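The values are calculated or read from the model by the stated rules, or taken from the named source; none is laboratory data. As the structure is a prediction and not an experimental result, all values here were calculated from the model. Glycine also receives a Cβ, built like all others from the backbone with ideal geometry; neighbour counts cover every protein chain displayed. Surface areas here come from the heavy atoms of the whole protein model, side chains and all, with no ligands, DNA or RNA. Shrake-Rupley method; radii C 1.70, N 1.55, O 1.52, S 1.80 Å.
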Amino acid sequence: MKHKTFLWFFLPSGMAMFLFIAMPIVSVLTQSVYAPHEQVIREVENCTLFGCSKATQIDQEATRALRDAEPMGRFVGPSIYTDRNHLAFAEIAEIWRNASGLGNFFGQVTNLPFYDALSFTLTYTALVTPLSLAFGLIIALAVNALPRLFRGPVIFVSLLPMIVTPLVGALILFWMIDARGVLGAALQALAGDPGLSIKASTPLMWTMLIVYGVWSSAPFAFVIYYAGLQTVPGDTLESAMIDGASRWERIRYVILPHLLPLTTFMALIKIMDNFRVFEPIVSFSAGAHAKSLSYFIYSDLGGETRLLSSAAATSVLTIAGIIVLISPVLVRTWHAFGRVRA
């Protein structure tokens with residue numbers, strides 16, 4: 001394709017990416033170095049028949065004039081990134097000096113708001129991403145081995161988590177884990193504890209959120225892997241069978257290498273998606289037990305006081321975290337592409 005033709009082909013997508021991705025990121029980055037103006041306080045004297053007294057009150061006019069003069073707020077630079085609600089450098093240094101061991105250190109660090117959200121986000125991403133890919137591959141291999149007569153119904157059932165609206169699916173599972181629900185009552189019976197509640201236990205709630213994440217993500221991997229299985233060279237598989245390769249050996253040495261580019265692609269997509277986990281926490285009303293970075297941003301933007309600067313700083317840190325996580329995959333892909341070109 002000629003460069004000029006490619007330019008006109010890419011221009012609409014490039015403009016859309018610039019307007020709806022690049023510009024909002026620049027806006028968020030700019031907002032993150034500004035903090036809201038402090039309210040102007042003035043001292044007034046109130047006099048009555050019994051004497052005079054002094055009191056303080058907010059000067060609404062002066063505060064409004066200050067906000068009108070500097071609508072973005074006061075410039076604070078990168079200091080908001082290091083305050084207690086974010087990277088908390090000073091607090092971490094203090095904890096390190098007083099900690100009795102690494103376990104105690106990490107335990108105290110995760111009590112800080114940002115690191116509490118980061119710990120769940122990393123745990124969710126690290127578990128849901130490989131498990132969803134593994135289950136998707138297993139389902140795809142199983143469906144591909146079925147007779148054609150049964151593939152249609154099985155594929156339909158396997159895609160149900162994608163067909164059902166995520167919020168509805170999360171609510172259904174949320175009702176099922178209730179003490180009066182099927183899963184909640186079964187867990188109580190197995191544990192022999194009538195008072196056991198998944199909603200009241202942080203480890204159980206984390207486990208349920210991860211289970212839901214795998215359940216809702218596996219169909220995507222299944223669809224991609226199933227499509228990829230249709231492109232596996234039949235001659236190669238037949239040659240492996242003639243050479244006496246078992247089914248596991250054919251999967252390991254023929255199918256998995258063939259599906260590696262798809263695995264890389266899905267790993268990139270799912271890492272970015274899982275690192276932004278938000279809907280399950282809201283659907284499960286799990287904010288008391290699990291907070292992700294996206295939920296942290298949501299909390300800053302909610303309520304009567306909107307902490308726009310704090311939310312913007314957390315958004316920038318979230319983007320940075322995603323870049324760090326996907327960098328090894330991107331570097332591997334770049335090197336593999338370079339070898340192919342060579």
Answer with yes or no whether G184 is in the same structural domain as V128 (by TED's automatic domain parsing), in contact with an Asp or Glu (Cβ under 6 Å, 6 or more places away or on another chain) and modelled with pLDDT under 90.
yes
If S285 satisfies every condition in (1) touching a helix residue (DSSP H, G or I) at 6+ places or on another chain (Cβ under 6 Å); (2) not in a helix (DSSP H, G or I) but one, which is the exception?
(1)
Can you spot a residue in the stretch 295-312 that is open to solvent by 80 Å² or more (accessible area, probe 1.4 Å), assigned by TED's automatic domain parsing to the domain that holds V168 and in a loop (DSSP other than H, G, I, E, B)?
no
In the stretch 258-275, residue most open to solvent (accessible area, probe 1.4 Å) [restricted to those that are modelled with pLDDT under 90 and not hydrophobic (A, V, I, L, M, F, W, C)]:
P261
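Consider V143 carefully, then state whether it is under 28 Å from the mean Cα position of the chain (by Cα), surrounded by 11 or more Cβ atoms within 10 Å (Cβ to Cβ) and modelled with pLDDT of 85 or more. Explain how you work it out, then say what you get.
On the way: under 28 Å from the mean Cα position of the chain (by Cα): no; surrounded by 11 or more Cβ atoms within 10 Å (Cβ to Cβ): yes; modelled with pLDDT of 85 or more: yes.
For V143, the condition - under 28 Å from the mean Cα position of the chain (by Cα), surrounded by 11 or more Cβ atoms within 10 Å (Cβ to Cβ) and modelled with pLDDT of 85 or more - is not met.
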Could you tell me whether the stretch 261-276 includes any residue that is assigned to a loop (DSSP other than H, G, I, E, B), within 16 Å of the chain's Cα centre (by Cα) and of a type outside the set (S, T, Y)?
yes
Report, by residue number, each residue of the stretch 1-51 that is modelled with pLDDT of 75 or more and part of a strand (DSSP E or B).
Y34, A35
Kindly indicate whether V109 is hydrophobic (A, V, I, L, M, F, W, C) and farther than 24 Å from G287 by Cα.
no
Please go through the stretch 96-110 and give me each residue that is exposed (fewer than 12 other Cβ atoms within 10 Å of the Cβ) and not in a helix (DSSP H, G or I), ordered by number.
S100, G101
Could you go through the stretch 53-62 and let me know if any residue there is part of a helix (DSSP H, G or I), modelled with pLDDT of 90 or more and either open to solvent by less than 50 Å² (accessible area, probe 1.4 Å) or in contact with a Lys or Arg (Cβ under 7 Å, 6 or more places away or on another chain) (or both).
no
The condition of being hydrophobic (A, V, I, L, M, F, W, C), within 24 Å of A313 (Cα to Cα) and touching a residue at least 60 places away in the same chain (Cβ under 8 Å) holds, among L127, L87, L141, only for L87
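Are any of the residues in the stretch 176-185 of a type in the set (D, E, K, R), touching a helix residue (DSSP H, G or I) at 6+ places or on another chain (Cβ under 7 Å), assigned to a loop (DSSP other than H, G, I, E, B) and under 25 Å from M205 (Cα atoms)? Before the answer, list the steps.
Of the stretch 176-185, the ones of a type in the set (D, E, K, R) are 178, 180.
The next check asks that each one be touching a helix residue (DSSP H, G or I) at 6+ places or on another chain (Cβ under 7 Å); those that pass are 178.
Within this subset, residues satisfying the condition of being assigned to a loop (DSSP other than H, G, I, E, B) are 178.
Of the ones still in play, those that are also under 25 Å from M205 (Cα atoms) are 178.
For the stretch 176-185, residues of a type in the set (D, E, K, R), touching a helix residue (DSSP H, G or I) at 6+ places or on another chain (Cβ under 7 Å), assigned to a loop (DSSP other than H, G, I, E, B) and under 25 Å from M205 (Cα atoms): present.
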State yes or no: is F284 open to solvent by less than 50 Å² (accessible area, probe 1.4 Å) and under 21 Å from S132 (Cα atoms)?
yes
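With respect to G136, determine if the residue is of a type outside the set (D, E, K, R) and surrounded by fewer than 18 Cβ atoms within 10 Å (Cβ to Cβ).
Working: of a type outside the set (D, E, K, R): yes; surrounded by fewer than 18 Cβ atoms within 10 Å (Cβ to Cβ): no.
Considered against the rule, which asks whether it is of a type outside the set (D, E, K, R) and surrounded by fewer than 18 Cβ atoms within 10 Å (Cβ to Cβ), G136 comes out as no.
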Within the stretch 193-232, track down each residue that is open to solvent by 60 Å² or more (accessible area, probe 1.4 Å) and outside any helix (DSSP H, G or I).
D193, P194, G195, Q230, T231
